[in-house]
């Protein structure tokens, strides 16, 4: 931990690893570095354990293969104390095998609760027109203990755990501060879950969306954010199609597409409608094809899109 700020504790939670990870991290164990094990119950359980075992007033989550600048903790702590806020986010670099790409935030400075509701949350749910798409993982963020009081990572959700956690943080927080600096390095390796086929993805995504809907209703903002939520819900189906074509078992792709089509037709919230004018053409066009049941054409389009995406990723 080569950091200019030294008043930190590092909590490492080994989620029942099967290699030599536990032995390696135990060798680093000391007064400032605490090592715990969890019974292989997943990342959400491990993070909840980390929060429970912590003693500090502020939290930062770090992915094991990522890195950050030496001033990362110091600048984030300074911002959260100086601005007297509950949450601070910074920009980050997306690191590929050959280069890195800047991901700066479209916002800068202090936002109160009303601004969060009308300016930040709509973008979190679904950016429209020329709004910049912003990813909301738990890393590149510092959170006060107060901001996550009574908030846990949902252990029953296996897709978009970070998103749901951060959504509730924003729904609950009185204020947030966006630091206009890129301090974190997110490693986009080829074997990450973002590039892999996910089994039963449609079921997992639907479960995550039900959890999202429940949160919006819990904090009484669903009607305010209804259209953004429905656009997000539409994108669930195109994401599911993208995942389906990554299946190595080509015979299963058609089965998955039929399941996605059936789910879309029976979606009581969407009512078999496509929000053409609110959405980008690259999203609304596949949805219209899905609505019409053009599954073969959809498969060909998304297989080609996946080919282009992987080639771009390989060249990056």
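Observations
- For region 1-58, relative contact order (Cα pairs under 8 Å, six or more residues apart, normalised by length) works out to 41 percent.
- Kirkwood Rh, angstrom, region 232-289 [1 / mean 1/r, Cα pairs]: 11.9
- Cβ-Cβ FRET estimate between residue 81 and residue 30, R0 fixed at 22 Å, reported to 0.05: 0.25
- Cα-based helix-to-principal-axis angle, 281-291 vs the chain, degrees rounded to 10: 50
- Contact order normalised by residue count of the chain, Cα under 8 Å, 6+ apart, percent: 18
- Largest-first principal axis extents, alpha carbons of region 137-272, Å: 49, 38, 27
- Spread of Cα-to-Cα distances over 10 Å intervals beginning at zero, given as percent, for region 196-315: 13, 43, 33, 11, 1
- Region 272-316 - Rg over Rh from alpha carbon coordinates, Kirkwood radius: 1.09
- For region 12-68: span of alpha carbons on each principal axis (Å, largest first): 33, 24, 22
- Over all Cα atoms in region 10-187, the spread is summed up by Rg and Dmax: 16.6, 51 Å.
- Only DSSP H runs of four or more residues enter the estimate; each adds -39500 (n - 2.57), and after division by the residues of the chain the mean residue ellipticity at 222 nm equals -13000 deg cm²/dmol.
- Secondary structure note: in the chain, about 55% of the DSSP beta bridges are antiparallel.
- Whole-number D in µm² s⁻¹ for the chain, Kirkwood Cα-pair radius fed into Stokes-Einstein, 20 °C, 1.002 mPa s: 101
- Computed over region 196-315, relative contact order equals 26 percent, with contacts defined as Cα pairs under 8 Å that lie 6+ residues apart.
- Rounded to 5, the percent of DSSP beta bridges in region 10-187 classed as antiparallel: 55
- Paired Rg and Dmax values of region 75-139, which use every Cα atom, in angstrom: 13.6, 42
- Full-stretch length increase - residue 259, residue 187 - with 0.36 nm per residue and alpha-carbon distance subtracted: 22.6 nm
- The long axis of helix 295-315 is offset from the longest Cα principal axis of the chain by roughly 30 degrees.
No lab work stands behind these numbers, since they all come straight from the coordinates. In this text, all values refer to a predicted model and were calculated from it rather than measured experimentally. Glycine also receives a Cβ, built like all others from the backbone with ideal geometry; neighbour counts cover every protein chain displayed.
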